[in-house]
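The values are calculated or read from the model by the stated rules, or taken from the named source; none is laboratory data. The model shown is predicted, which means the values in this text are computed figures rather than measured ones. Cβ placement follows ideal geometry from the backbone for every residue including glycine, while neighbour counts extend to all protein chains displayed.
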Amino acid sequence: MYTQLEQRGMAQPPVNVATLRDMKGQGEPIACLTAYDASYAVLVDAAGTDLVLVGDSLGMVIQGHDTTVPVTVDDVVYHSRAVARGLRRAFLVADMPFMSYANPDQALANSVRMMQEGGAMMIKLEGGEGQIEIVEHLARHDIPVCAHLGLRPQSVHKLGGFRVQGRDVEKAEEMKRAATRLQDAGADIVLLECVPNELGKTIRDSLEVPVIGIGAGPDVDGQILVLYDVLDITQGRTPRFVRNFQAEHTSPLQAIQAYIKAVKDHSYPAPEHCFS
Ligand code: KIV
């Protein structure tokens, strides 16, 4: 299967869904980052990132919007295509933007664009139990899916700001149930954003699929951060879970390598990056 890549001198085969599941099984942390262009894609890949997300955070860090809401499918396809050209080993996931998966057929059509035009191997969508039908529809068509729970930035106007989610018992139970139902519907990864450590751990322990966290504590199967936060490019106030890895390094590659190492040896996230 990997003949072409072996011929190109690949020391390690590319990461795929099975690799990610095996990593969960073996307790090896999955190191993930966002990327938006080919040059950074080359760096994050060379540093050993397992999974790269072309996040709709591009609306904020690339386009300068206050939220991810204005991002379009064309925007993500454009950036995903560029990132795909820079990757050799990492698994590429593309974000489905706001209102690009409002019904199953629209979700399928836009996922196909992400994969065929953007080179993505999986799509990510935000939402809880309301997305079950969509995830089932995509899974039935063999589209790999990452379901994003917890703080869902596309719903920022409904949630009333970028806040920690699942702090009260009722909301935590709702999120646990949603995670299980999304997995059962066919989701291959669950991503948790801004939830208390205990909830991250409970959901990780209850699922067979990998659980990737961003501000979800240390007890999940992997971590993801926005690349520009890792590299200290983001100006102004950053979320509590962000750690600046550039501060102690001279090049972006070294900073990214330090992030990967910290995820793999469990030194990131530390208690100051977590919500309890
Ligand atoms: O858009 C994005 O970059 C994301 C990550 C923050 C997980 O969804």
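See the values below:
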quantity: Scope segment 206-262; condition of a type in the set (Phe, Trp, Tyr) and not in a helix (DSSP H, G or I); matching residues; calculated: Phe241, Phe245
quantity: Where a residue in segment 75-96 is more than 18 Å from Val17 (Cβ to Cβ) and its partner, wherever it lies, is within 12 Å of the ligand (Cβ to nearest atom) and in a helix (DSSP H, G or I), with Cβ under 8 Å and at least six apart; calculated: Asp75/Leu58; Asp75/Gly59; Val76/Leu58; His79/Leu58
quantity: Some residue of segment 174-181 being among the basic types (Lys, Arg), crowded, with 19+ Cβ neighbours inside 10 Å and under 20 Å from Gln223 (Cα atoms); calculated: no
quantity: Filter result (assigned to a helix (DSSP H, G or I) and either within 16 Å of the ligand (Cβ to nearest atom) or of a type outside the set (A, V, I, L, M, F, W, C) (or both)) within segment 102-120; calculated: Pro104, Asp105, Gln106, Asn110, Ser111, Arg113, Met114, Gln116
quantity: Considering residues of segment 222-243 that are in contact with a Leu (Cβ under 8 Å, 6 or more places away or on another chain) and of a type outside the set (A, V, I, L, M, F, W, C) only, the residue nearest to the ligand (Cβ to nearest atom); calculated: Gly222
quantity: Subset of segment 140-169 that is in a strand (DSSP E or B) and hydrophobic (A, V, I, L, M, F, W, C) - its residue that is nearest to the ligand (Cβ to nearest atom); calculated: Cys146
quantity: Looking only at segment 72-101, and only at residues there that are away from the ligand (no atom under 12 Å from the Cβ) and either aromatic (Phe, Trp, Tyr) or at pLDDT below 95 (or both), the one that is farthest from His148 (Cα to Cα); calculated: Tyr78
